[in-house]
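Undergrad: Here it is, the structure, as structure tokens.
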Amino acid sequence: MADHAESPQRVTTPNEGRLHAGWDEGAPIDAPLRLHETTVSPAWCDYNGHMSESSYLLVVGDNADAFFRYFGIDEKYRAEGGSLYTAETHLHHLRECDEGDLLIFTLQVLGVDRKRVHLVHEVIDSTSGRPVATAEQMLLHVDMAAGKVAPLPDHLYDRLKAIESAHAALPVPDYVGHVMGLPPRKPTD
């Protein structure tokens, strides 16, 4: 049994402490966005020698954090009481990753309203160029002091709508909106 005498460290992202660099309304917006890459750490590998399932969610979260900072949600914004919370994630594991593999990430905004952001991530093996995982997410804008979902401020909403517009020409991936389940049972005769 592990010794839990030491207090656990808080999970951090590679961008923690990096502030939003500013928004240029005239700058082109990549479709999809490519804001993050990482190398598979030994700490992310399980007893099978591959990246563990929880680590896929960790790196997708790091990609989401890079996206937040891209359009304006950073430590300063959170200190003022606003943030995006993940309401739902559908993670698809497509291929195994090994220690040392370089992963690149894309992010596509599918929809935005005043309180929600719907997006997809692709995690791509840089060597083969093939996706190793995908993640569909629904994010909610939250007023942390009030403890409830709240409308995005106009400046962030406008930025997200600009990203959504730039991504509108991209095809919606076929895995978006899939429901997990077994085939219906056949009645027995």
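Undergrad: Quick one: which residue in Gly26, Gly72, Gly61, Gly17 is out of contact with any His (no Cβ under 8 Å at 6 or more places or on another chain), at positive phi and not acidic (Asp, Glu)?
TA: Values: Gly26 fails: at positive phi; Gly72 fails: out of contact with any His (no Cβ under 8 Å at 6 or more places or on another chain); Gly61 fails: at positive phi.
Being out of contact with any His (no Cβ under 8 Å at 6 or more places or on another chain), at positive phi and not acidic (Asp, Glu) holds for just one of Gly26, Gly72, Gly61, Gly17, which is Gly17.
Undergrad: Moving on. Kindly indicate whether Pro183 is at pLDDT 95 or above, on the phi < 0 side of the Ramachandran plot and loosely packed, with under 15 Cβ neighbours inside 10 Å.
TA: It is false that Pro183 is at pLDDT 95 or above, on the phi < 0 side of the Ramachandran plot and loosely packed, with under 15 Cβ neighbours inside 10 Å.
Undergrad: Moving on. Of all strands (runs of 3 or more DSSP E) completely enclosed by the stretch 69-171, which ones contain at least 2 residues that are farther than 29 Å from Gly26 by Cα and not charged (D, E, K, R)? Break it down stepwise before answering.
TA: On the way: elements: 82-93, 102-112, 116-125, 131-143.
In the stretch 69-171, the matching strands (runs of 3 or more DSSP E) lie at 82-93, 102-112, 131-143.
Undergrad: Still on this structure, please answer the following. Looking at the structure I just gave you, is Gly177 part of a loop (DSSP other than H, G, I, E, B) and more than 19 Å from the chain's Cα centre (by Cα)?
TA: no
Undergrad: Which count do you get for residues in the stretch 57-86 that are of a type in the set (Lys, Arg) and surrounded by fewer than 16 Cβ atoms within 10 Å (Cβ to Cβ)?
TA: Here the count works out to 2.
Undergrad: Additional query: Looking at Asp174, Asp125, which is the one that is farther than 19 Å from Arg69 by Cβ, of a type outside the set (Gly, Ala, Ser) and crowded, with 20+ Cβ neighbours inside 10 Å? Can you show your working first?
TA: Details: Asp174 fails: crowded, with 20+ Cβ neighbours inside 10 Å.
On inspection, the qualifying residue turns out to be Asp125.
The values are calculated or read from the model by the stated rules, or taken from the named source; none is laboratory data. What you are looking at is a predicted structure, and each value in this text was computed from that prediction instead of being measured. Heads up, the Cβs are rebuilt from the backbone with ideal geometry, glycines too, and the neighbour counts pull from every protein chain shown.
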